[in-house]
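In what follows, a structure is listed as structure tokens, so that the remarks can point back to it.
The values are calculated or read from the model by the stated rules, or taken from the named source; none is laboratory data. Everything numeric here is computed off the predicted structure, so don't read it as measured data. Because the Cβ atoms are built from the backbone with ideal geometry, glycine has one as well, and the counts that use them run over all protein chains shown. For the accessible areas, the whole protein counts, side chains as well, though only heavy atoms, and no ligand, DNA or RNA atoms are used. Shrake-Rupley method; radii C 1.70, N 1.55, O 1.52, S 1.80 Å.
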Amino acid sequence: MYKSYPKTQFIGQKIIYLPSCHSTNDLAAESLRNDAPEGTLYVTDEQTAGRGQRGNVWRTNTGENLTFSFIVHPTFLRATEQFRLSIAIALGIHDFLTELLYDGVKLKWPNDLYYKDQKLGGVLIENSLMGTHLTGSVIGIGLNINQLSFSITTATSVRQITGKEYSLEALLLQLCNRLEERYLALKDGSYNQQKIEYLQRLYRFREWHRFQDTSGKTFNGQIIGVAEFGQLQVETETDVRLFDIKEISFVQ
């Protein structure tokens with residue numbers, strides 16, 4: 001498996017396939033420390049210790065989904081601009097999923113891919129810094145592709161939506177192309193346009209819903225934006241508040 005290569009400059013030009021591993025992000029991070037070429041990609045059928053944001057566990061059925069990580073060197077970004085990379089990667093995945101599913105794909109802040117109200121996948125980006133700039137990034141992506149049953153009702157897969165079974169290898173090559181396009185556009189200075197597109201695709205953007213914060217307090221609010229450092233901007237009935245990861249959740 002995974003013996004073909006995408007039509008990219010660097011992302012996926014070196015693909016390392018493992019039937020099973022503890023974490024593709026950990027393997028990619030080790031290769032980053034060992035000066036592996038930019039774009040080196042690790043893909044697996046099974047992660048025994050996969051993880052999401054802030055220590056969340058990432059589990060999927062073996063051999064049915066896309067689970068991979070790759071490395072980039074976004075030295076053009078300051079440490080304070082890390083979320084710009086998240087936006088570019090999210091848009092690349094959105095582009096890819098929209099080609100398969102057309103309407104209904106959304107980006108759920110900060111790192112999830114949704115189809116309508118169900119989760120399709122997630123992203124975990126781990127950055128290395130030196131001084132004021134990024135030196136390297138490990139980008140981990142998990143997408144539900146061919147899995148037909150889930151332990152939670154809020155998850156879905158591309159196959160559940162379309163009724164079609166997919167070649168994971170072919171989809172990985174297609175996704176690498178979209179990711180590199182968005183990454184290079186960010187490098188060329190397209191952040192302002194990407195920020196606009198990100199908000200246009202953001203799940204429940206400018207819709208009033210019930211939220212809960214870390215104190216357990218619930219309140220009505222609407223997402224109105226994302227701050228430069230990546231915090232979610234929520235307008236309440238009395239003010240505008242900023243929330244970091246794990247500080248806010250939807251109640252309904």
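The table that follows gives values for the structure above.
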| item | result |
| --- | --- |
| Residues (open to solvent by 60 Å² or more (accessible area, probe 1.4 Å), modelled with pLDDT under 95 and in a loop (DSSP other than H, G, I, E, B)) located in region 28-57 | T48, N56 |
| Sole residue being of a type in the set (V, I, T) and modelled with pLDDT under 95, chosen from I141, I152 | I152 |
| Residues of region 202-252 satisfying the condition of being touching a strand residue (DSSP E or B) at 6+ places or on another chain (Cβ under 7 Å) and among the polar types (S, T, N, Q) | Q212, T218, N220, Q222, Q231, Q233, T236, S249, Q252 |
| Answer from K164, K119, K106 - the residue that is more than 12 Å from the chain's Cα centre (by Cα) and either part of a strand (DSSP E or B) or among the charged types (D, E, K, R) (or both) | K164 |
| Within region 182-200, considering residues that are among the charged types (D, E, K, R) and within 19 Å of the chain's Cα centre (by Cα), the one surrounded by the fewest Cβ atoms within 10 Å (Cβ to Cβ) | K187 |
| Pair list, Cβ < 9 Å and 6+ apart or interchain, from region 241-252 residues that are under 19 Å from F83 (Cβ atoms) to residues that are assigned to a loop (DSSP other than H, G, I, E, B) and open to solvent by 70 Å² or more (accessible area, probe 1.4 Å) | L242/F229; F243/T214; D244/F229; K246/T214; E247/T214; I248/T214 |
| Qualifying residue in region 174-181 (condition: more than 20 Å from L85 (Cβ to Cβ), open to solvent by less than 60 Å² (accessible area, probe 1.4 Å) and in a helix (DSSP H, G or I)) | yes |
| Given (1) of a type in the set (D, E); (2) modelled with pLDDT under 95; (3) touching a Phe, Trp or Tyr at 6+ places or on another chain (Cβ under 9 Å), index of the condition D103 fails | (3) |
| Residues within region 222-233 that are surrounded by 15 or more Cβ atoms within 10 Å (Cβ to Cβ) and either assigned to a loop (DSSP other than H, G, I, E, B) or in contact with a Leu (Cβ under 8 Å, 6 or more places away or on another chain) (or both), tallied | 7 |
| Unique match (being closer than 18 Å to N192 by Cα, free of Cβ contacts under 8 Å to residues at least 60 places away in the same chain and of a type outside the set (K, R)) among A90, A79 | A79 |
| Selection status of S20, of a type in the set (S, T, N, Q), part of a strand (DSSP E or B) and open to solvent by 10 Å² or more (accessible area, probe 1.4 Å) | yes |
| Region 24-38, residues that are free of Cβ contacts under 8 Å to residues at least 40 places away in the same chain and under 19 Å from the mean Cα position of the chain (by Cα) | D26, E38 |
| Matching residues in region 195-221 - criterion: being over 29 Å from D103 (Cβ atoms) and either part of a helix (DSSP H, G or I) or of a type in the set (D, E) (or both) | D213 |
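Yes or no, residue by residue, for (1) part of a helix (DSSP H, G or I); (2) modelled with pLDDT of 95 or more; (3) open to solvent by 10 Å² or more (accessible area, probe 1.4 Å):
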position	(1), (2), (3)
D26	yes, yes, yes
R59	no, no, yes
I71	no, yes, no
L97	yes, yes, no
